[in-house]
1. With +1 on each Lys and Arg Cβ and -1 on each Asp and Glu Cβ, and nothing else charged, work out how big the dipole of the chain is about its Cα centre, in Debye to the nearest 20.
2. Within the range 1-67, which trypsin sites (Lys or Arg not before Pro) sit in a loop by DSSP and count at most 14 neighbouring Cβ atoms inside 10 Å?
3. State the percentage of accessible surface on the chain attributable to carbon and sulfur atoms; use a 1.4 Å probe and exclude ligands, DNA and RNA.
4. At a Förster radius of 25 Å, what calculated FRET efficiency corresponds to the Cβ-Cβ distance of S35 and D82, to the nearest 0.05?
5. Please find, in a Gaussian network model of the chain (springs between Cα atoms separated by less than 10 Å), the residue of S39, S61, S70 whose mean-square fluctuation is greatest.
6. May I ask you to give the solvent-accessible area per residue for the range 1-60, in square angstrom, as obtained with a 1.4 angstrom probe?
7. In a GNM of the chain with a 10 Å cut-off on Cα contacts, which of S66, S75, S35 has the highest mean-square fluctuation?
8. Under a GNM of the chain (C-alpha, springs under 10 Å), which listed residue has the highest mean-square fluctuation: E43, E79, E67?
Amino acid sequence: KRLSDMREISKALALYIGNIGQFPISADPITITGSDLLSNALEIQNTIPEVPTDPQHPIYSYTYQSENGSTYIISFCLETNDVENYSKGCGNTITP
């Protein structure tokens, strides 16, 4: 579920930068709750109907950060080491 969510958010961000010219800026990591800065920006631009949140939120959460709008980091947790290129724990990230 989490990797599917990461693909959805990444696709929405690709559409967003195509429309706006930069990613939503957040110098500090923000928790993706569905009503945060990132979610609001993506939904207002109609790049995604609803931004997904971690299936075990608030125990775990996705975080988003983009200091300058030219790149971003989304962090997420996994409970297993069985996913190629990712590891168990909350140190997993996705970038463009």
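1. Values: 5 positive and 11 negative charges, 29 e Å.
Rounded to the nearest 20 debye, it is 140 debye.
2. Working: sites: K1, R2, R7, K11; in loops: K1.
When the trypsin sites (Lys or Arg not before Pro) of the range 1-67 are filtered for loop state and at most 14 Cβ neighbours within 10 Å, K1 remain.
3. Working: 2630 of 5410 Å².
It is 49 percent, rounded to a whole number.
4. Values: r = 32 Å, r/R0 = 1.28.
Efficiency for this residue pair is about 0.20.
5. S70
6. Heavy-atom accessible area per residue stands at 56 Å².
7. Comparing S66, S75, S35 in a Gaussian network model of the chain, the most mobile one is S35.
8. Maximum among the listed residues: E79.
The values are calculated or read from the model by the stated rules, or taken from the named source; none is laboratory data. Since this is a predicted model, take the numbers as computed values, not measurements. Positions of Cβ are generated from backbone atoms using ideal geometry, with glycine treated the same way; all protein chains shown enter the neighbour counts. We work out accessible area using only protein heavy atoms, side chains counted, and drop any ligands, DNA or RNA first. Shrake-Rupley method; radii C 1.70, N 1.55, O 1.52, S 1.80 Å.
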